[in-house]
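Asker: This is the structure, below, for whatever I ask next.
The values are calculated or read from the model by the stated rules, or taken from the named source; none is laboratory data. Worth saying up front: this structure is predicted, and the values here are computed from it rather than measured. Note: ideal-geometry Cβ built from the backbone for every residue, glycine included; neighbour counts use all protein chains shown. These area figures cover heavy atoms from the full protein model, side chains too; ligands, DNA and RNA do not enter into them. Shrake-Rupley method; radii C 1.70, N 1.55, O 1.52, S 1.80 Å.
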Amino acid sequence: MRILGIESSCDETGVAIYDDKEGLISHTLHTQIAMHAEYGGVVPELASRDHIKRVVPLVRLALEKANMKMSDLCAIAYTSGPGLIGALLSGAMEAGALAYALGVPCVPVHHMEGHLLAPMLEAEKPKLPFVALLISGGHTLLIKVEKPGVYELLGQSVDDAAGEAFDKTAKLLGIPYPGGPGLEKLAANGKSGAFVFPRPMIKNPNCDFSFAGLKTAVLNATIAHKDSLEEVKADIAKGFTEAMADTLEIKCKRALKQTGLKTLVVAGGVSANTDIRTRLQQLMDKIHGKAFFARREFCTDNGAMIAQVGMLRYQAGQLGDFKIKVHPRWPLSELKAL
Ligand code: KG4
Ligand code: ZN
């Protein structure tokens, strides 16, 4: 059985085909970065309109790469939330229309569950149960995963998400949208320890995060060095990344200790960051545990993660109807067990 997955929650249109036995068969992606870049961030209305244009050509391409016909598909999965409402509606409408025309079910998928299980797209899969660190543009979550669909929240950000902190810090340093990857490149030339920023909330004995203060500390550093900012920018980027990596490491360590688990799954856009991957890998090596990451292209938004979860929910009989329903806000805890 082969399912098509459509991702359209923000600024990337992703389409992929997933087979229940062979796994990922093909995937295609269109990024809207160039379109939004001149505005310095995502313009929701432009995003929605662009998704509408991109889905059908990407579906054709994904089918062509898989050497398949549309009629070979058993269902159409799509991101039903959380995300930008217009962008979600674009994908939901196209998925619904396609499923209806083909006479197959459509399957609504939770975007963050897609991210969370993206490391399962790799050959070596994490064994359940595990702790998952989800670090994206809108979420920073630590979750205990008993099994797919059963998600116990251990901690979350009380203010900015990790990706949001990367993006806002990048803006302060004059790095164009999207900030995270640009900040990583800049930090690669920075001196370690030249700037030491606060590690927020590490003394709190819980697994929650706070990144708003970190961003303010970077702002203060840029003001203090305004006359020589160009010379210290890379060092500031490095200092920011180190503070972020330290905080994530400390909270992951706490979550693993609290749950008694030794498997850590790291997913979401920020998990593409090499410094953060290295740090969390080192943590797991130290405690003789195992870390799992998605390949970099599946850390950020993509269709493969939606097709994979779509297949799981399809097999569990958790199908949608053809009503266009999206959930801009949607806690993971509301999902049904698989
Ligand atoms: O998971 P994602 O693609 O979309 C959401 O669901 O939000 O995450 C996007 C976030 C953005 O904030 C982006 O700046 C960040 O992930 N990001 C990175 C890197 N690549 C993407 N942050 C740090 N380093 C990167 N290499
Ligand atoms: Zn995402």
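Asker: Hey, any idea what Rg/Rh is for the stretch 133-264, computing Rh the Kirkwood way over Cα pairs?
Answerer: 1.02
Asker: With N residues in the stretch 72-123, what two-decimal value do you get for its Cα radius of gyration over 2.2 N^0.38 Å?
Answerer: So the Cα radius of gyration is 1.24 times the expected 2.2 N^0.38 Å.
Asker: Same structure again: Just the number, please: Stokes-Einstein D of the stretch 87-171 in µm²/s, Kirkwood Rh from C-alpha pairs, 20 °C, 1.002 mPa s.
Answerer: Stokes-Einstein gives a translational diffusion coefficient of 141 µm²/s.
Asker: Using only the alpha carbons of the stretch 25-84, what is the convex hull's orientation-averaged projected area in square nanometres?
Answerer: 5.0
Asker: Go ahead and estimate [θ] at 222 nm for the chain from helices alone: -39,500 (n - 2.57) per DSSP H run with n ≥ 4, summed, over the residue count, rounded to 500.
Answerer: It comes out at -13500 deg cm²/dmol, rounded to the nearest 500.
Asker: Counting residues in the stretch 1-140 as N, plug N into 2.2 N^0.38 Å and put the Cα Rg over that result.
Answerer: Expressed relative to 2.2 N^0.38 Å, the Cα Rg reads 1.06.
Asker: Could I have the simple spin-label model distance between K65 and T278, label points 7 Å from Cα toward Cβ, reported in nm to one decimal?
Answerer: It is 3.0 nm.
Asker: Once Rh is set to the Kirkwood radius over Cα pairs, what Stokes-Einstein translational diffusion coefficient, in µm²/s, holds for the stretch 227-322 at a temperature of 10 °C and a viscosity of 1.306 mPa s?
Answerer: 100
Asker: Based on Cα coordinates alone, diagonalise the gyration tensor for the stretch 1-59, multiply each eigenvalue by 5, take square roots, and list the semi-axes in whole Å, largest first.
Answerer: 27, 10, 8
Asker: In terms of Cα to Cα distance under 14 Å, which aspartates and glutamates are near enough to K215, apart from those fewer than 8 places away along the same chain?
Answerer: The qualifying aspartates and glutamates are D159, D160, E164, D167, E242.
Asker: Separate question: Rounded to a whole number, what % of the accessible area of the chain do carbon and sulfur atoms account for, probe 1.4 Å?
Answerer: That share works out to 55 percent.
Asker: Using a Förster distance of 41 Å, how high is the FRET efficiency between K21 and V158, based on the Cβ-Cβ distance and rounded to 0.05?
Answerer: Efficiency for this residue pair is about 0.45.
Asker: Just the accessible area per residue of the chain, please: how many Å² with a 1.4 Å probe?
Answerer: Per-residue value: 43 Å².
Asker: Would you calculate the volume per residue, in Å³, of the smallest convex hull containing every Cα atom of the chain?
Answerer: 124
Asker: At a 10 angstrom cut-off on C-beta neighbours, averaged per residue, how do the peptides 84-96, 139-151, 107-119 rank from highest to lowest?
Answerer: 107-119, 84-96, 139-151
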